[in-house]
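Read through the structure below, which is laid out as structure tokens, and then see the notes.
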Amino acid sequence: MKKLFTIAAVAVLGMTSVNAQDVNFGAKAGVNFATITGDDVDGIESKTGFHVGVVAEFMISEKFSFQPELMYSAQGAKISESGTETFNGFTYSYSEEAKRKLDYINLPLMAKFYVAEGFSIEAGPQIGFLLNSEAEYEYSETFEGTTETESETEDLKDFTSTIDFGVNFGLGYKLESGLNFGARYNLGLSNINDAEGSDDFKNQNGVFQVSVGFFF
């Protein structure tokens, strides 16, 4: 992994020799469909979030470009359960949901290859810097038309790794106007857990992203 980021850093420095007219600056935003993989993930569901940030595309040739990005990304996962139970002849329904919320500043370093006019395939490493980590619990119970809800939030930042490494793979399409679209999957490579015994309990981020952007 260190070799990947060393190569990427060298590539960034090499871009300083690129003419200004060969650099496109822009912004993008989109939807995250995030989950957590690894140990003890039975019942985990995808959590919908978002990402937003700025990009710069350095055109190396007509077919190749290098695109570093700086993105805020809301990630995590959730577990939900609902049902109906009967106790002493009385029936009540319940629902409970637990969300793991992970917020990052991500720095993807993407290599892009244009396979056709406007269409590109892309891949590259990513480093993420943790902003927030928490668990949010909500429990609702309905009995004889009355619903009671309880909620609780737990700060987990002290138990979460502050740095996250991953690799991105994706597709893109760019119009001559600067409007562009992308779909990408971020495969987490590092353990997000940072607590005693976490070496034996490993989880990674997994995020599918759909984006819309514009180059100015």
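The values are calculated or read from the model by the stated rules, or taken from the named source; none is laboratory data. All figures in this text were calculated on a predicted structure; none of them were measured in a lab. In this analysis, Cβ positions are derived from the backbone assuming ideal geometry, glycine residues included, and neighbour counts consider all displayed protein chains. For accessibility, only protein heavy atoms count, side chains too; no ligands or nucleic acids. Shrake-Rupley method; radii C 1.70, N 1.55, O 1.52, S 1.80 Å.
For segment 75-105, enumerate the residues that are of a type in the set (A, V, I, L, M, F, W, C) and surrounded by fewer than 11 Cβ atoms within 10 Å (Cβ to Cβ). I'd like the intermediate steps shown before the answer.
Going residue by residue through segment 75-105, those that are of a type in the set (A, V, I, L, M, F, W, C) are 77, 79, 87, 90, 98, 102, 105.
87, 90, listed by residue number.
Working only within segment 21-69, note down all residues that are within 18 Å of residue 208 (Cα to Cα) and buried (at least 17 other Cβ atoms within 10 Å of the Cβ).
28, 30, 32, 34, 35, 36, 44, 47, 49, 51, 53, 69
Could you tell me whether any residue of segment 113-122 is hydrophobic (A, V, I, L, M, F, W, C), open to solvent by less than 50 Å² (accessible area, probe 1.4 Å) and under 23 Å from the mean Cα position of the chain (by Cα)?
No: zero hits.
For segment 167-194, how many residues meet the condition of being farther than 14 Å from residue 26 by Cβ, surrounded by 16 or more Cβ atoms within 10 Å (Cβ to Cβ) and of a type outside the set (Ser, Thr, Tyr)?
Total meeting the criteria: 10.
Going through segment 122-140 one residue at a time, which ones are hydroxyl-bearing (Ser, Thr, Tyr) and at pLDDT below 95? Working first, answer last.
Narrowing segment 122-140 to residues hydroxyl-bearing (Ser, Thr, Tyr): 133, 137, 139-140.
Answer for segment 122-140, where residues must be hydroxyl-bearing (Ser, Thr, Tyr) and at pLDDT below 95: 137, 139, 140.
Inside segment 159-193, can you point out the residues that are acidic (Asp, Glu) and within 15 Å of the chain's Cα centre (by Cα)?
Passing the criteria: only 164.
Out of (1) in contact (Cβ under 8 Å) with a residue 12 or more places away in the chain; (2) more than 30 Å from residue 22 (Cα to Cα), the odd one out for residue 186 is which?
Every condition holds for residue 186 apart from (2).
Can you give me the number of residues within segment 122-149 that are over 25 Å from residue 36 (Cα atoms) and part of a strand (DSSP E or B)?
Residues meeting the conditions: 7.
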